Amino acid sequence: MPFLKIILVLLGSALVISCSKSTDQVNISGQEFHSGTFISNGDTLNSKNGSNGRTIKGTLKSGQTYYLNSLFADATINAGDTLVIQSGVTVLIDGPLTGTGAIGTQDHAPGIVVNGTFLSIGTKANPVLFTVKDASLKSDPTKDPQDPNADPAFKGYWGGIQGGAGSGDIIIKWTRLEYLGGLTPLSAATRAGKARYGILVDNPGARFVLEDSWLYGSNNDMVRPAGCKYEILRNTFEKVGLSAGECVNVKSGSIGDIAYNLVVGGTGNAFKTANAGGLSPQSNMATYNNTIITTGYRQAKAGEGGSIDFENGGRGLAYNNFIVDCAYGLSVLGGGGATPAADTINISYGYTYNYGDNTTFTTQFLPAGFISVQKTGDINGGNNTTPGANNPLFVNYSLPRPNGTNFSEANYVGNYDFHLQSKSPAIGKGYTGFLPYAVVKKDAVFGVTEITSPGKDIGAFQADGSGNQH
């Protein structure tokens, strides 16, 4: 009887999940949630008996290995179906390295199209991993810093997680996603032949959770909430975008929190909101307690991209964020140019910690062409800041950076540690007088595990050990 009560509680919280046949099950396997039948270990998720593409549902079992093969089209979760990925699962993207069907070439970069519900439920001890199979395709960390144009991290070997306009929830916890941004199929109705976004969510009625995950390598935007209620919490973004793309690019129909994330070496902005797309509600992001390092240097559009950006009707808040050696500081667009103004009436920000090694950075803490101003609680808040002032004292990331550093190549985490030393001037300087939007319910499987409250220290790593856990 207690077991049945557990099942009933889980089913009661899984409002978006339905099963297409009466024989499907939603159950608990030991301590792990599963739905329907288990997919066989070693299965190719985007082909069955040689089919070009495949519909999938059920559960990828803990500790087992599965494949996406470049010779076949996307794997698709149909409306009403659910794919569950348990802890410790590895999904390998494989296929020919050269010739017809070569991995990452046009129409040979398969992804997972989500018209139903996608649940990747890793744990800290046993994360889920999506990566390429062949070691020769991977970026070699011993070469960092390396030319982004030659770095395999930006090649886009597979198509990522693509939520459809009618999708259910997309929940991703303790999952490492690598080498995203493969080319959209030429047969696609939109963006044909262009790089896919690493994760796309396109349904204002869906819930999107991305927490405690590591996102490594993409050709364009890593995450695009183009319609959803979202919580993007405690993640690490590394090597995002070759010549364009944000770590998180929030569009209309989307509202949520972006907090306690570490960003190193993003191409454009770390986080951007613009009310494009014609959906309701208005694009809205609460960005707080993030640590953003050396971001904004490969963006093809001069003067655009660098840290946190509000434009084109976007609204929200930004507090307690570190912006370190980024091309531009926090940006609020006031209009008068080709891009429409942000919703300036409904934007609040402050307690930003800017740091710059030289005047190239310090004279753009308040970016030219934007209406951002110095706010209460800012550290190094204006453009007259002395280079090197108020060193944040990270545990293992020396500032200033060595002379001659090429910041477009300073895009890797490596062995750096962005926790704060005990004497860091960021400790105790955060602002806690606001609330997260908290638009997604708390649930171990179907919602957010924890919405970490605003921190008393600036940045993603709190002195008490809370915040980002990487």
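The values are calculated or read from the model by the stated rules, or taken from the named source; none is laboratory data. On a predicted model such as this, the values are computed, not experimentally measured, just so you know. All Cβ positions, even for glycine, are placed from backbone atoms using ideal geometry, and neighbour counts span all protein chains on display. Just so you know, the surface numbers come from the protein's heavy atoms only, side chains and all, with ligands and any DNA or RNA stripped out. Shrake-Rupley method; radii C 1.70, N 1.55, O 1.52, S 1.80 Å.
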- request: Name the long-range amide H neighbours of ASP309: under 5 Å, sequence gap of 5 or more, or other chain; modelled H, no Pro or chain starts.
  value: PHE271, LYS272, THR273, SER331
- prompt: How far is helix 2-13 tilted off the main Cα axis of the chain, in degrees rounded to 10, range 0 to 90?
  reply: 60 degrees
query: How large is ³J(HN,Hα), in whole Hz, for each residue of segment 83-98 in order, when computed from phi with the Karplus curve 6.51 cos²θ - 1.76 cosθ + 1.60 and θ = phi - 60°, using x for Gly and Pro?
result: 10, 10, 10, 7, 4, x, 6, 10, 10, 9, 8, 10, x, x, 7, 9
field: Probe 1.4 Å, accessible area per residue of segment 260-352, Å²
entry: 26 Å²
field: Net +/- balance of residues flanking ASN149 in space, Cβ distance below 11 Å, scoring K and R +1, D and E -1
entry: -1
task: Could you work out how far apart the two model spin labels at GLN469 and SER422 are, taking each label as a point 7 Å from the Cα in the direction of the beta carbon, and quote it in nm?
output: 2.6 nm
Estimated D of segment 145-289 in µm² per second, where Rh is the Kirkwood radius over Cα pairs and Stokes-Einstein applies at 25 °C, 0.890 mPa s: 166 µm²/s
query: For segment 35-157, what % of the accessible area comes from carbon and sulfur atoms, probe 1.4 Å?
result: 50 percent
- prompt: Rounded if a/c is under 1.5, else prolate if a/b beats b/c, else oblate: with a ≥ b ≥ c from the C-alpha gyration tensor eigenvalues square-rooted, which is segment 135-196?
  reply: oblate
- request: Quick one: compute the contact order of segment 331-428, relative version, from alpha carbon pairs under 8 angstrom and 6+ residues apart, as a percent.
  value: 24 percent
- line: Per the helix-only model, the chain has a calculated mean residue ellipticity at 222 nm (DSSP H runs of ≥4, -39500 (n - 2.57) each, divided over all residues, rounded to the nearest 500) of -1000 deg cm²/dmol
query: For segment 231-244, in order, what is each residue's ³J(HN,Hα) by Karplus, 6.51 cos²θ - 1.76 cosθ + 1.60 with θ = phi - 60°, in whole Hz (x at glycine and Pro)?
result: 9, 10, 9, 6, 9, 10, 10, 9, 6, 9, x, 7, 10, 7
statement: A 1.4 Å probe over the protein heavy atoms gives segment 190-339 a carbon and sulfur accessible-area percentage of 47 percent
query: Where the convex hull is taken over the Cα atoms of segment 272-406, what is its projected area averaged over directions, in nm²?
result: 8.6 nm²
- request: At 0.36 nm per residue, minus the direct Cα-Cα distance, what do SER51 and ARG176 gain on full extension? Give it in nm, one decimal, please.
  value: 42.2 nm
Dimensionless Rg/Rh of the chain - Kirkwood Rh, Rg from C-alpha atoms: 0.96
Segment 248-343 - Debye-derived log10 I(q)/I(0), Cα point model, q = 0.18 Å⁻¹: -0.75
- request: Just name one of GLY336, VAL114, LEU393: the one whose Cα is farthest towards the positive end of the charge dipole of the chain (beta-carbon charges, Lys/Arg +1, Asp/Glu -1).
  value: VAL114
- line: Computed on Cα atoms, Rg of segment 18-174 relative to 2.2 N^0.38 Å comes out at 1.07
- request: Provide the net charge surrounding GLY430, with neighbours chosen by a C-beta distance below 9 Å and charges set as Lys +1, Arg +1, Asp -1, Glu -1.
  value: +1
